[in-house]
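Below: one structure, written as structure tokens.
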Amino acid sequence: MDTPITRAEHEEFRRRLEEENRRQDKRIELLEENTKRIETLNGAIGKLAANMEGMLKEQLRQGQRLELLESRDGELWRKVVSYAVTAIVGIVIGFVAKQLGM
């Protein structure tokens, strides 16, 4: 049962173990590189999400400012029309009063 192995068998076994270790080391190295890349990508995604959030807030503020500016133009136009109508009504009343001799 306990038969010793030859030197050649021992060397072959050692060589196979070393090759297997090299393959495993290479696979571990690749996995470590992939993990580093994933960590870098996660950091970049986090920064991107923060930037997107900031952009969304800025868009909301700009939308509010745009609404305010658009409503100002509308208010200004309504005031101009109101003054014009008031002036026309005043002219018509003045003309009618003049015709009546007042």
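Between ASN21, ASN34, ASN42, where does the largest GNM mean-square fluctuation fall for the chain, given springs only between Cα atoms within less than 10 Å?
ASN21
Please report the net charge: other residues with Cβ closer than 14 Å to the Cβ of ASP25, K and R +1, D and E -1. Show your work: numbers first, answer last.
Values: positive: ARG22, ARG23, LYS26, ARG27; negative: GLU18, GLU19, GLU20, GLU29, GLU32, GLU33.
Charge balance in the 14 Å sphere: -2.
Rounding to the nearest 20 debye, state how big the charge dipole of the chain is about its Cα centre with +1 on each Lys and Arg Cβ and -1 on each Asp and Glu Cβ. Write down the numbers at each step before the final one.
Details: 18 positive and 18 negative charges, 202 e Å.
Dipole about the Cα centre, nearest 20: 960 debye.
Within the chain, what whole-number % of the accessible surface is contributed by carbon and sulfur, with the 1.4 Å probe and all protein chains included in the calculation?
Carbon and sulfur together cover 62 percent of it.
Residues of the chain: accessible area per residue at 1.4 Å, in Å²?
97 Å²
Can you spot the lysines whose alpha carbon is less than 27 Å from LYS57's alpha carbon? Ignore those fewer than 8 places along the same chain.
By straight Cα distance, LYS57 reaches LYS47.
In a Gaussian network model over the chain where Cα atoms closer than 10 Å are linked, find which of ARG65, ARG23, ARG37 has the largest mean-square fluctuation.
Checking each option, the largest mean-square fluctuation is seen for ARG23.
Using a 1.4 angstrom probe on the protein heavy atoms only, line up LEU60, LEU100 by accessible area, largest first.
LEU100, LEU60
Please work out the C-alpha center-to-center distance from segment 78-102 to segment 16-57 and express it in whole Å.
If you average the Cα positions of each part, the centres end up 79 Å apart.
For Cα extents along the principal axes in Å, several values are listed as [x] 33, 30, 23; [y] 67, 28, 19; [z] 143, 19, 13; flag the one computed from this structure.
[z]
For the chain, modelled as a Gaussian network with Cα springs under 10 Å, which listed residue fluctuates most, LYS57, LYS47, LYS79?
In this elastic network of the chain, the residue with the biggest mean-square fluctuation among LYS57, LYS47, LYS79 is LYS79.
Picking from ALA97, ILE28, ILE38, whose Cα lies most toward the positive end of the charge dipole for the chain (charges on Cβ: Lys, Arg +1; Asp, Glu -1)?
The Cα lying farthest towards the positive end belongs to ALA97.
The values are calculated or read from the model by the stated rules, or taken from the named source; none is laboratory data. Only a predicted model underlies this, so the values are computations on that prediction, with no experimental measurement involved. Neighbour counts run over all protein chains shown; Cβ positions are idealised from the backbone, glycine included. Just so you know, the surface numbers come from the protein's heavy atoms only, side chains and all, with ligands and any DNA or RNA stripped out. Shrake-Rupley method; radii C 1.70, N 1.55, O 1.52, S 1.80 Å.
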